[in-house]
Amino acid sequence: MTDTPTPPPAPQGPSISVLRQFIKDLSFENPGAQTREQPKIELGIDVGVRGLDGAENTYEVALKLKAQAGASEATLFLLEMEYAGLFRLDGMSPADTEAILLIECPRILFPFARRIVADLTAEGGFPPLRIDPVDFAALYSAQKQARLASGDAAAAPADGTGQA
């Protein structure tokens, strides 16, 4: 009997590996810190995907969040963040790769980005901005339908590079 641990078996079938997560870009402007009005918040979310040169099956997926709060005619705060992750996808067809990159990878990143947004707005003197969960599958489906309706099927290549 040996004390040497046996390595785990190689994954059978498709697999997703999260290699890294990081804040790629972040800006928080707070010109209306003294205002005590209830803000009106506009929120935008986008997903960007790019393959990494020289790293087969490895992609950078970036959630791009923009939150702007205003009251009356003034901007209370403006938050822009790009939160990214590096993912390795193995054993997937091109169609599956596109869906995984634009649905599942953002779903993995979202809770971390959501927490950063809540913390930043609270540190800026406002109630924490708690972003509601996002249905990335519905976003992907709607954009895919829009591409098909416009006849622009090449707008998001099947390798997953593009945007949701």
## Note on the structure
Among residues of the stretch 33-87 being more than 30 Å from L19 (Cα to Cα) and among the hydroxyl-bearing types (S, T, Y), the residue nearest to the chain's Cα centre (by Cα) is T75
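Under the condition of being of a type in the set (D, E) and in a loop (DSSP other than H, G, I, E, B), which residue from the stretch 53-67 is nearest to V117 (Cα to Cα)? Full working, then the answer.
Going through the stretch 53-67, the residues of a type in the set (D, E) turn out to be 53, 56, 60.
Then keep just the ones that are in a loop (DSSP other than H, G, I, E, B); that gives 53, 56.
Working: D53: 30, E56: 32 Å.
That would be D53.
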### Summary
L109 vs (1) in a helix (DSSP H, G or I); (2) modelled with pLDDT under 95: all pass except (2)
### Query
So is G70 over 18 Å from A118 (Cα atoms), of a type outside the set (D, E, K, R) and part of a strand (DSSP E or B) or not?
no
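Across the stretch 23-43, what is the number of residues that are loosely packed, with under 13 Cβ neighbours inside 10 Å and at pLDDT 95 or above? Break it down into steps so the answer makes sense when it comes.
Within the stretch 23-43, the subset loosely packed, with under 13 Cβ neighbours inside 10 Å is 23, 25, 27, 31, 33-34, 36-38, 40, 42.
Filter once more, so that each one left must be at pLDDT 95 or above: 23, 25, 27.
Number of matching residues: 3.
The values are calculated or read from the model by the stated rules, or taken from the named source; none is laboratory data. Quantities reported herein were computed from a predicted structural model and do not represent experimental measurements. Every residue, glycine among them, receives a Cβ derived from its backbone with ideal geometry; neighbour counts consider all protein chains shown.
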